[in-house]
Amino acid sequence: MASSEDAILEGLREQVRSAAAAHRPLRLRGSGSKDFYGECLSGEVLELAPWRGIVDYEPSELVITARCGTALADIESMLAARGQFLPFEPPAFGPATTLGGSIAAGLSGPRRMYAGAVRDFVLGTRLLTGAGELLRFGGQVMKNVAGFDLSRLLCGSLGILGVITEVSLKVLPLPRAEATVRLELSAAEAVGQFNRWAGKPLPLSGACWWQGQALVRLSGAVPAVRAARALLGGELLEDTRARAWWEALRHCSHPLFASPVVWRVSVPATAAALDLPGAPLIDWGGALRWYADVSGEQARAAAVAAGGTALCWTGPASVPRFHPLSGTVAALHRRLKERFDPQGIFNPGRLLPGL
């Protein structure tokens, strides 16, 4: 007799097969917390939240495997109970945010520049294709990955290639010590210092700037954090306030995000101040700069001039969300889409118009 779990997975496969046969688009949905992110939402909803649960967790191996509908909060709670965490700090835009949505969005928090991005911690995935096939990529250890790493390709794909049904992630032990120092600096001074400190053997895990204040997080062994604090100087921020600050930055609940128009500008960490009105919220040691209430033309021109890209985080529906791709890169996207989803049923137009 088939289990209820088998029935859920078979139900998803059947819905995909039916949609492919009828050329009927599907909108992949976990909790809906990232509905704002991407170009458009269209198609019959394929509910993925029922396909949830932690499949395997080996604390001694630093690996956890879970289904796509598993709540991110449940995973982090289990890890915390064993003194471990997700180093890429995936943002959650609601209590029901799912693992599958986090991987598909490919977003990482303040620790990203120092620990790595989400794709750096994905060991393996299972993918439900447009043909209703279940494919496995990678495994549960790094040595299983050979050739082109398709698991990492799925990070940030926004579901246009298929349904990420299961993910294996590398996790890390929680730092023995953590401290946040605050320094009074201009934006230019802060970016300069962030880059100088990044070139030293310091236990950095976050560096941001807002309204004349630079905040630097140190994480690691007690002696290393203590020595770094002495080198950096500044004022030690109380633990509760520090945690609240980094959580607001991670989950995009900082006051800047209340603005109706927000641009996410990615540039080289060493880039000088951008020619944009207003003061930015700077993260990732200078490599990520958030601006409120600027026009798309201004944001994209400034990003290109600095050697970066600009993404419309929130704004009018008429504004293209993602930075335009070159013809060659766009062609690669189309070929991948055709290979994994030949009927074009998964999240049409979510990542790029026409895909």
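What ³J(HN,Hα) values, in whole Hz, does the Karplus curve 6.51 cos²θ - 1.76 cosθ + 1.60 give for the range 90-101 when θ = phi - 60°, with x put for Gly and Pro?
With coefficients 6.51, -1.76 and 1.60, one gets x, x, 10, 9, x, x, 9, 3, 9, 5, x, x Hz.
Quick query: amide H of Leu28 versus all other amide H atoms, modeled in the peptide plane; which residues come in under 5 Å with a sequence gap of 5 or more or a different chain?
When sequence neighbours closer than 5 places are left aside, the close amide H contacts are Leu46, Asn347.
Long-range amide H contacts for Ala207: which residues qualify at under 5 Å (H placed 1.01 Å from N, peptide plane, sequence gap of 5 or more or a different chain)?
Arg217, Trp284, Gly285
At 7 Å along the Cα-to-beta-carbon direction for both Ala258 and Val55, put a label point, then send me their distance in nm to one decimal.
4.2
Once R0 is set to 56 Å, what does the formula 1/(1 + (r/R0)^6) return for the Cβ-Cβ distance between Ala330 and Val222, expressed as a FRET efficiency to the nearest 0.05?
E(calc), rounded to 0.05, equals 0.70.
Using only Cα atoms, find the angle between the long axis of helix 72-81 and the longest principal axis of the chain, and express it within 0 to 90 degrees, rounded to the nearest 10.
Rounded to the nearest ten degrees, it is 60.
Determine ³J(HN,Hα), in whole Hz, for all residues of the range 218-224 in sequence, where each value follows from phi through the Karplus function 6.51 cos²θ - 1.76 cosθ + 1.60 and θ = phi - 60°; x replaces Gly and Pro.
Result, ordered by residue: 10, 9, x, 5, 4, x, 5 Hz.
Which of the three applies to the range 86-140, rounded, prolate or oblate, going by the alpha-carbon gyration tensor with a ≥ b ≥ c and a/c under 1.5 meaning rounded?
oblate
Angle, helix 296-305 long axis vs. longest principal axis of the chain, Cα atoms, 0 to 90°, nearest 10?
Helix 296-305 sits at roughly 70 degrees to that axis.
Charges on Cβ only, +1 for Lys and Arg, -1 for Asp and Glu, centred on the Cα centroid of the chain; of Gly349, Ser31, Trp284, which one is farthest towards the dipole's positive end?
Going by the Cα projections, it comes out as Trp284.
Could you work out [θ]222 nm for the chain from helices alone, using -39500 (n - 2.57) per DSSP H run of at least four and dividing by all its residues? Round to the nearest 500 deg cm²/dmol.
That calculation yields -8500 deg cm²/dmol at 222 nm.
Taking the radius of gyration and the Kirkwood hydrodynamic radius from Cα positions alone, what is the Rg/Rh ratio for the chain, to two decimal places?
Using only Cα positions, Rg/Rh for the chain is 0.98.
By the gyration tensor of its Cα atoms, with a ≥ b ≥ c the square roots of the eigenvalues, what is the shape of the range 173-213: rounded for a/c under 1.5, prolate for a/b over b/c, or oblate?
Verdict is oblate for the range 173-213.
With everything on Cα atoms, drop me the angle between helix 187-198 and the longest principal axis of the chain, reported from 0 to 90° to the nearest 10.
Helix 187-198 and the main axis of the chain meet at about 80 degrees.
Given Cα positions, please report Rg to Rh for the range 170-246, the hydrodynamic radius being the Kirkwood one.
On the Cα set of the range 170-246, Rg over Rh gives 0.95.
How would the range 177-314 be classified by its alpha-carbon gyration tensor: rounded, prolate or oblate, with rounded meaning a/c under 1.5 and the a/b versus b/c comparison settling the rest? Could you put the intermediate results ahead of the total?
Details: a/c = 2.40, a/b = 1.68, b/c = 1.43.
Prolate is the answer for the range 177-314, as a/c is 1.5 or above and a/b outweighs b/c.
By how many nm would the segment from Arg17 to Leu172 lengthen if fully extended, with 0.36 nm per residue of separation less the alpha-carbon distance?
Length difference between fully extended and current span is 52.0 nm.
No value in this document is a laboratory result; all are computed from the given coordinates. Note that the coordinates shown come from a computational prediction; the quantities given were computed from them, not determined experimentally. Virtual Cβ from ideal backbone geometry, glycine too; neighbours counted across all protein chains shown.
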